[in-house]
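This report concerns only the one structure given below.
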Amino acid sequence: MIVLNSSWLETFATLCETGHFTRAADVLGMTQPGVSQHLRKLEEQVGHALITKHGKSFSLTPAGEAVLAMGQSRRREEKSLVQAIAHDAPDVGEVSIGCSGSFAMLLYPRLLSLMQASPALTVRLEATPRERIITGVLDRHFDLGVVGHRPDQPRLEAARLGVEELCLLVPAGEDTRDISLEDLDKRGFVAHPDGFAYADELFALNFPKTFKGSDRLHVRAFVNQISQIPAPVAYGIGYTLLPRSGVDAYPDRDKLQIVALPQSRSHDLWLISSRGRQMPARLPPVTDVIRSVAEGLRAPDEA
């Protein structure tokens, strides 16, 4: 693998652009023999002649054309790097975030408003499982992550955002006083990939005598698309279990009713980032939006 000398490459690019050894030397603040020496050294490094002389002029060989393209490309990359370092602005650059699907639905409209106000800001939001969020922050695929439960990972910074209530949903307007597991089973469970784990958490607390495990529940429907999980319930079909963010993000929220159970269940929400990393100026405004969305999900006793 050849790593081209940057000084020789810049001299060669300037020579090609000026078309003359003397003019290239003036531009670079060098002597003409110095320009010729850089050209020779670069040719030795590449192993091919880069120019063909024609009296006082010259033309590029095929190898010279390829090396010139490399020199111009490297110059553009270095210019972009310098500009990026010099202009660390809060409204310029890219921010990547990983979070749950339900939290993403609630967060994304707020991020769109932020991007609308900052045309040079790009926000990449990815809904993905918890372990993928943690791995993504560790390997810098994500700048920020939002997870339930504090990760036990020394390479991560974790800041508590608050809590998110786990909600039992039935169609709006139904009488839910003294609701029992038998009542729910008659309706049927609108299941989804995380729903069974939610049932094990919430129903074990509230129906300890009758709940025998989520695998015993009567499943009325199964939905894999997070945004569509509440839809059957909104149409009067069954019940389901979702974090508060999945409820608040649903467009027909008024067609859903959250059942007040004797024992509530909430998950902590944590904002994670790479420990020790100096954060660019564009991250705090995005962090503020995430915090604002999380604050709206507090359980009733923490509101």
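The values are calculated or read from the model by the stated rules, or taken from the named source; none is laboratory data. All figures in this text were calculated on a predicted structure; none of them were measured in a lab. All Cβ positions, glycine included, derive from the backbone under ideal geometry; neighbour counts span all protein chains shown.
Here are a few things to note about the model shown:
- Scan the range 133-174 for residues that are surrounded by fewer than 15 Cβ atoms within 10 Å (Cβ to Cβ), out of contact with any helix residue (DSSP H, G or I) (no Cβ under 8 Å at 6 or more places or on another chain) and within 23 Å of Ala197 (Cβ to Cβ) and the total you get is 3.
- The residues on offer are Arg110, Arg130, Arg75, and the sole one that is more than 30 Å from His192 (Cβ to Cβ) and either of a type outside the set (Asp, Glu) or in contact with a Phe, Trp or Tyr (Cβ under 7 Å, 6 or more places away or on another chain) (or both) is Arg75.
- When Glu164 is tested against the conditions (1) closer than 25 Å to Asp252 by Cβ; (2) modelled with pLDDT of 95 or more, the lone failure is (2).
- Hey, Ala191 within 22 Å of His267 (Cβ to Cβ), of a type in the set (Gly, Ala, Ser), surrounded by fewer than 15 Cβ atoms within 10 Å (Cβ to Cβ) and not assigned by TED's automatic domain parsing to the domain that holds Arg291 or not: no
- Of the residues making up the range 174-200, those that are outside any helix (DSSP H, G or I), out of contact with any His (no Cβ under 8 Å at 6 or more places or on another chain) and not small (Gly, Ala, Ser) are Glu174, Asp175, Thr176, Arg177, Asp178, Ile179, Val190, His192, Pro193, Asp194.
- Residues of the range 201-226 that are closer than 18 Å to Ile179 by Cβ and either in a strand (DSSP E or B) or touching a Ser or Thr at 6+ places or on another chain (Cβ under 6 Å) (or both): Arg220 alone.
- Selection over the range 227-252 of residues that are under 14 Å from Glu165 (Cβ atoms) and either β-branched (Val, Ile, Thr) or in a helix (DSSP H, G or I) (or both) gives a count of 5.
- Some residue of the range 16-31 being among the hydrophobic types (A, V, I, L, M, F, W, C), part of a loop (DSSP other than H, G, I, E, B) and farther than 30 Å from Val92 by Cα: yes
- Taking the listed residues Asp183, Asp178, the one that is surrounded by 13 or more Cβ atoms within 10 Å (Cβ to Cβ) and free of Cβ contacts under 8 Å to residues at least 12 places away in the same chain is Asp183, with no other qualifying.
- Test: residue in the range 264-274 that is touching a Cys at 6+ places or on another chain (Cβ under 6 Å), within 20 Å of Glu201 (Cβ to Cβ) and either of a type in the set (A, V, I, L, M) or free of Cβ contacts under 8 Å to residues at least 60 places away in the same chain (or both): no
- For the range 81-88, the count of residues that are outside any strand (DSSP E or B), small (Gly, Ala, Ser), more than 17 Å from Ser7 (Cα to Cα) and modelled with pLDDT of 90 or more is zero.
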